[in-house]
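The values are calculated or read from the model by the stated rules, or taken from the named source; none is laboratory data. Not measured: the values here are computed from a predicted model. Ideal geometry is used to build each Cβ from the backbone, glycine not excepted, and the neighbour counts take in all protein chains shown. Please note that ligands, DNA and RNA were not included when accessible areas were found on the heavy atoms of the full protein model with its side chains. Shrake-Rupley method; radii C 1.70, N 1.55, O 1.52, S 1.80 Å.
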Amino acid sequence: MESTLKQYFGFSKFRPYQKEIVETILQGKDCLVVMATGSGKSLCYQVPPLISKKTAVVISPLISLMQDQVMALKQRGIGAEYLSSAQNDQNAYTNAERGRYNILYMTPEKACMLPNSFWSRLLDSGICLLAVDEAHCISEWGHNFRVEYKQLDKLRDVLSNVPFVGLTATATEKVRDDIIKSLKMQFPHVTIGSFDRQNLFYSCKSFDRGSVFLNALVAEISTFVDKTESTIIYCTTVKDVEEIFETLKKSRVHAGMYHGQMSNKAREDCHRSFIRDEFYVMVATIAFGMGIDKPDIRHVIHYGCPKSLESYYQESGRCGRDGIPSFCRLYYTRSDFAKADFYCAEARTADQRKAVMDSLAAAQRYCMLTTCRRKYLLEYFGEKYSSSSCGTCDNCTSSKKEIDMSRDAFLLLACIHSCGGHWGLNIPVDVLRGSRAKRILDAHFDKLPFHGLGKDLSANWWKALASQLFSLDYLVETFNDKYKTVRVGPKGIQFLNSCNPDYQPPLYLILTPELAGDDASRDATGDGIVNKLGQLEFDGLSQTEDELYKMLLEERMKLARGHGTAPYALCGDQTLRKIALTRPSTRARLANIDGVNQHFLKTYGDRLLQIIRHLSQELGLVLDAEPIAEFPTPPSKVATIHKNKRLTPAKFEAWKMWQEDGLPAQKIANHPGRAAPIKVDTVLEYILEAGREGCSIDWSRLCLEVGLTQESFNNIQEAMSKVGNKLKPIKNELPEEVSYNQIKVCLLMLETGISSEVIASTHQQGCKVDNSEKGSLPSQIEAAQSNTASLLDSVDHQMKVDITRNNNLLGEFEDAVSRLPVENADPNQPGAAADDLSCSRKRQKLDEPQAVQSVAMEATEDSVLDWLKNFKDGVRF
């Protein structure tokens, strides 16, 4: 089996799950395969026909996708063809039914139209499997439901003894069950791989439609083109596609476009030019989503929020399928979230409409997140992600300022509660802003004491605040047919009830650009981090080797054009990087490189070796170099450590690089092998968690790196004796120079029984370092001091209360605030919440030691009116 893999695909070993699935298919069993895009699903149905010498029939949703796959397979020396209305080869049908192809692609429409005689002849020739690619299209609950897929069950009667294989990258449990039922699978072998695409960097940003943002976007895309990085821009409307395409054209950026109003020929021509790298930018509607099999796309940009997270994951999944760091960015406006009626137009039942509404709400939540995007995505698809920070999304790599917004949150929650929970978010926001619209007057909401108190802030500002309250479950959204209502959830009720004359619990929220009123950032495209990432190399190529790699890309392009195929179909970018790194001089050495198959070696090997020799000599590089140690690839499964506790791959690798490879946290955080740099504090947290799980730790070195002295250790112990072992109370007891990292290290040392003597030995060693050591320990100390200062700045931001507000008004507010909370709310009443949404959470700072307990007063109309007499000009201060 491995020899077949190497011969046709150039790989020496299977990826996780692939071999198991291939073996199951060869045993004649049905399979359902749910694996992330780029994880090697296609290989699961491509290998069995090569081993069994029978035909594999593959149902694929789009002709363009079939054409790409057939082209790539032919470049591997595999007999492949497709049957569709676009097929010009008159012999294809006859050759297909006679079993002359290893792999035969067809659309679901074509498969159902073929006569039984075709299938009978093909059965006589030999069929080893029938694969249904993009199988989520078969389910009414899938995000791309197609009626034609529902008719595939008819083939089950004709191909009763042929194993059926369903493959998809996005399928919830409900969709998986529907696929199994629709294809009449008999006790299928179900494989669910990880949805985590570790090489992708995710980011989201709100923007204002207009020429300023569009020009900035085009300028950024032109830099991608200069680096020959393929980019797809997904738009929600044809109008947006044409507008962006014209702007690119005016800026002399060569691009293509793809949408449903174009002719078939125009779409096919653009598609073919894009996959052959005749241009590097494609502007398209979602119709292009599944129709591209190009593994070297570096950027996927969404110009507008997609209708569901399934759609987003599918479309962003086109990015970086070759495993090289790539970037997925989503730009959204609030008007994107008001398209429920449009998306529900094709829904036939109330349940389907609710599913559409739920999907759009999940996509909206993803856009508005202030916590880890990767964690939210994975947990949406049912995969646990134990870390709260992935290090490869905008929220986990950018510093965020937190401010206490308890008073604004209090006002919004109380207003929503007073509106009775029968309305969407617009009504309470309009009440706060003093609207006198007919629906406000008819409901007598102009008489509410909150009317007009938030008039100085925009509707979008209040909605941005509500988004964070939704993510923390203070607010709950429910759906009724096409409409959604908002009410205060259990946490929100608890928050309101916790307010009293002596204590107003703080509620620290992320200060997003919308809440900060930062309009300038909404016209900018990059966040500084992603732009910088584009310059990073991940595989340890030197500058000269990188130059060789770029030359090899040009030579590959020439070879591909000479043979009328796509460059990636000859060999992938990963393979070219390995060639640039090792520079083989013989066919045998070239064959040993992963990704080089026998067909490539036979067809292009001698020519490529000549090119390598010539370019290496020109650049002064030696041939047959030994590959340097590359950035370690995280294991496909989480590593099992001491006491059977588990660490995520990211944490395990960070610990390994620090403990075993001796790299300081600063270098690990900015290692060129990462898709994105992470914070030094995150690396230290990973190391500490590994120590907590039983991994060995060089405590002397760790103390030195975080700057933990014996004096600090003693001070931390003394603080613990007063306030216990919680971080914030300990920090408040200590001098400003003692960092959170030092506290965490001290706590873990005490927890695991490590003596403070390691600190003394550390600093004795530090005093004996001579000048020859200036590049090691002193630099680590300097880095640690820098990290400490950075951390303290971050902590200062988190603990800061907006001191520009009026202190006298603040006192009056806190004295009056206790009159409003509702205690022991009846959950059956419209304002109470009965359900809970599962989503990412940001901690709320409620456990202040100075809180005074008292009984909250019941809110009445009179008490609210009395309270509001002090705030005629509003409550924001």
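Would you mind stating whether T525 is at pLDDT below 90, assigned to a loop (DSSP other than H, G, I, E, B) and of a type in the set (S, T, Y)?
Numbers: at pLDDT below 90: yes; assigned to a loop (DSSP other than H, G, I, E, B): yes; of a type in the set (S, T, Y): yes.
So T525 passes the test.
Considering only residues that are aromatic (F, W, Y) and assigned to a strand (DSSP E or B), look in region 294-331 and name the one that is nearest to the chain's Cα centre (by Cα).
Pass one, region 294-331, residues aromatic (F, W, Y): 303, 312-313, 327, 331.
Of the ones still in play, those that are also assigned to a strand (DSSP E or B) are 303, 327, 331.
On the way: Y303: 16, F327: 9, Y331: 14 Å.
Taking the candidates together, the pick is F327.
Out of the strands (runs of 3 or more DSSP E) lying entirely within region 36-115, which hold 2 or more residues that are crowded, with 19+ Cβ neighbours inside 10 Å and touching a residue at least 60 places away in the same chain (Cβ under 8 Å)?
Once the strands (runs of 3 or more DSSP E) in region 36-115 are filtered for at least 2 residues that are crowded, with 19+ Cβ neighbours inside 10 Å and touching a residue at least 60 places away in the same chain (Cβ under 8 Å), what remains is 55-59.
Applying the selection to region 221-279, what residues are under 22 Å from T333 (Cα atoms) and not hydrophobic (A, V, I, L, M, F, W, C)?
Listed by number, the residues that qualify are T231, Y234, T236, T237, K239, D240, E242, E243, E246, T247, H259.
If A650 satisfies every condition in (1) in contact with a strand residue (DSSP E or B) (Cβ under 6 Å, 6 or more places away or on another chain); (2) open to solvent by less than 40 Å² (accessible area, probe 1.4 Å) but one, which is the exception?
(1)
Of all residues in region 667-722, count the ones that are buried (at least 23 other Cβ atoms within 10 Å of the Cβ), touching a Pro at 6+ places or on another chain (Cβ under 9 Å) and hydroxyl-bearing (S, T, Y).
Total satisfying the criteria: 0.
Could we say that R353 is basic (K, R) and open to solvent by less than 10 Å² (accessible area, probe 1.4 Å) here?
Here the answer is no, as R353 does not meet what is asked.
Just need a number here: residues in region 493-511 that are within 15 Å of L413 (Cβ to Cβ) and within 29 Å of the chain's Cα centre (by Cα).
Qualifying residue count, region 493-511: 2.
Under the condition of being in a loop (DSSP other than H, G, I, E, B) and among the basic types (K, R), which residue from region 1-35 is most open to solvent (accessible area, probe 1.4 Å)?
Restricting attention to region 1-35, the residues satisfying the condition of being in a loop (DSSP other than H, G, I, E, B) are 1, 10-17, 27-30, 35.
Right, trim to among the basic types (K, R) and you get 13, 15, 29.
On the way: K13: 154, R15: 108, K29: 109 Å².
For region 1-35, the residue satisfying everything is K13.
Which members of region 692-713 meet the condition of being at pLDDT below 85 and within 13 Å of K744 (Cβ to Cβ)?
R692
What helices (runs of 4 or more DSSP H) lie completely within region 554-619 and have 2 or more residues being open to solvent by 20 Å² or more (accessible area, probe 1.4 Å) and touching a Cys at 6+ places or on another chain (Cβ under 8 Å)?
none
When you look at H417, is it assigned to a helix (DSSP H, G or I) and buried (at least 16 other Cβ atoms within 10 Å of the Cβ), yes or no?
Spelling it out, H417 is indeed assigned to a helix (DSSP H, G or I) and buried (at least 16 other Cβ atoms within 10 Å of the Cβ).
Condition first: crowded, with 17+ Cβ neighbours inside 10 Å and not in a loop (DSSP other than H, G, I, E, B). Now tell me which residues in region 244-271 satisfy that.
Passing the criteria: I244, F245, T247, L248, G256, M257, Y258, R267, C270, H271.
Can you give me the ranges of the helices (runs of 4 or more DSSP H) entirely in region 658-745 with at least 3 residues that are out of contact with any Cys (no Cβ under 8 Å at 6 or more places or on another chain) and among the charged types (D, E, K, R)?
Working: elements: 665-669, 680-692, 699-706, 710-723, 727-733.
By residue number, 680-692, 710-723, 727-733.
Name the residue, out of K400, K447, that is at negative phi, within 32 Å of the chain's Cα centre (by Cα) and surrounded by fewer than 19 Cβ atoms within 10 Å (Cβ to Cβ). Don't jump to the end; show me each part of the working.
On the way: K447 fails: within 32 Å of the chain's Cα centre (by Cα).
Only one candidate passes the filter, namely K400.
Conditions first: (1) part of a helix (DSSP H, G or I); (2) surrounded by fewer than 21 Cβ atoms within 10 Å (Cβ to Cβ); (3) free of Cβ contacts under 8 Å to residues at least 40 places away in the same chain. V431 passes all but one, so which condition is the exception?
Of (1) part of a helix (DSSP H, G or I); (2) surrounded by fewer than 21 Cβ atoms within 10 Å (Cβ to Cβ); (3) free of Cβ contacts under 8 Å to residues at least 40 places away in the same chain, only one is false for V431: (2).
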